[in-house]
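Every number in this text was worked out from the coordinates using simple rules, so none of it is lab data. Computed from a predicted structure; not experimentally measured. Positions of Cβ are backbone-derived with ideal geometry, glycine not excepted, and every protein chain shown enters the neighbour counts.
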Amino acid sequence: MLLLALSLPLCCGLLDPNRLDPSSDLRDDWPQWGGPARNGVSSETKWSSKGKSEPLWKIQIGIGYSSVAVHQKRVYTLGFDKDMGLDVVFCLDATTGEELWTHTYAAKIWDLYHGGGTLTTPSVDGEHVYVSEREGWLHCLSAETGAVVWAKQTTQEFKLDAPQWGFSASPLVLGQAVILNYGKVFAFDKQKGTTLWQSQKSYGDAYSTPIDFEFKKQPALAVFGGKGLVVLSPADGSELAFTPWETRYDVNAMTPVVLDSRLFISSGYDKGCALLDFSGSEPKLTWENKSMKNQMSGCVPWQGHLFGFDDKVLKCIDLAGEERWRERGLGQGALSLADGRLLVMSEEGELIVAEATPAAYRELSRSKVFDGGICWTVPVLSEGIVYVRNHAGELAALDHRLP
């Protein structure tokens, strides 16, 4: 496939008085898939459960399911331009939606059963933005201007086969490396794009984003592949442990939830979920059941409980795998969490704020954002603004800032 790489920095972006500060702390932003802690939980506390009646802004970014990364009042995301046959990476002003720069590359719609378009979420490390996509391209762009720092076509370079629905794992930036799940797991130098290591074998179809945790008192990577959960050394990619976990169509898509020395995994297609204990020398299955079946988006942890979509039912379960409550009628939505409150995007375009409590489902607010287009994308909160999108390509910023 021919790479079409056009980077369009706009004057307003280059003259922005709030130019990027490479030393800025990422922990107070939402710089990557899963947020600052990579678990769907924001550290933000100063926001209102009830937003303003009208969006702060709403724009068209192209079709897809990509979520947003937010850093230093800039929003990074991507969508597919069906007319041009291009993926478009956007850098937007967080409060106005003004386009600061775009970067494009040739892509295919890949619309098998779900409408197609972009699947992954950019990762920002302050200086650079890392963008993966469904056919194996990996781009490193300047966060300031969108200029290409480096790019590589992994399926060609490493002779990889994209899975049935395309690669959907987002980049994990860890130290000086950017980690990608392509069935095989790779670490690339984040400054140069050179290969630091690759796993010895493939672990099946690659839909899940890797996450870091600690195993045997050492740094480790957990990667949920189509054939199971593998634990790798982030130093050299060597395999430390493997737990088989096979699902119909090899779809293990959620990012494992780290709970101290335990990992929670879940899959759809009637597979179920499990809690694995990594406190010893080998992983130990604590329990396995069908109380939670995450097909696409995963669960968020809060005070000894997990909240997520069991297919089309929003549920709370405890860490023994027991259901505490369920709420129907939201479709196959997605959620995040901040300050003990759930941000839930229903499949049909409603944003719901609810208490993150095991006692009962307690709704605090509900607002209709979109009138059409499937909503499977995780809502993101940053500095009191909630960013939501639908598959049709509408991206909206909802004002939940305190007065």
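Structure notes:
- Candidates Ser168, Ser202, Ser53, ranked by Gaussian network fluctuation over the chain, Cα under 10 Å, top entry: Ser53
- Restriction of the chymotrypsin sites (Phe, Trp or Tyr not before Pro) in the stretch 278-316 to DSSP coil positions whose beta-carbon has at most 10 other beta-carbons within 10 angstrom yields no sites.
- Top of Tyr105, Tyr387, Tyr207 by mean-square fluctuation, Gaussian network on the chain, Cα under 10 Å: Tyr105
- In sequence order, the stretch 212-225 has phi-based couplings of 9, 7, 10, 9, 6, 6, 10, x, 8, 10, 10, 10, 9, x Hz under the Karplus curve 6.51 cos²θ - 1.76 cosθ + 1.60, θ = phi - 60°, and Gly or Pro positions carry x.
- Alpha-carbon centroid distance for the pair the stretch 41-63 / the stretch 233-275, whole angstrom: 31 Å
- Peptides ranked, highest mean first, by Cβ atoms within 10 Å: ranges 179-189, 141-151: 179-189, 141-151
- Gaussian network model of the chain, springs between alpha carbon atoms under 10 Å - residue of Tyr113, Tyr76, Tyr249 with greatest fluctuation: Tyr113
- Only beta bridges with both residues in the chain are counted; by DSSP, about 100 percent of them are antiparallel.
- Straight Cα distances below 22 angstrom link Lys312 to the lysines Lys271, Lys290, Lys293, Lys368, with same-chain residues fewer than 8 positions distant left out.
- Between Ala106 and Lys192, the simple label model (points 7 Å from Cα in the Cβ direction) yields a spacing of 2.9 nm.
- For the chain, the 222 nm mean residue ellipticity estimated from helices alone, with every DSSP H stretch of n ≥ 4 adding -39500 (n - 2.57) and the total spread over all residues, rounds to -500 deg cm²/dmol.
- Identified option (computed Cα extents along the principal axes in Å; candidates [x] 93, 51, 38; [y] 56, 49, 41; [z] 76, 47, 42): [y]
- The stretch 131-180-the stretch 80-102 distance, computed between alpha-carbon centres (Å): 18 Å
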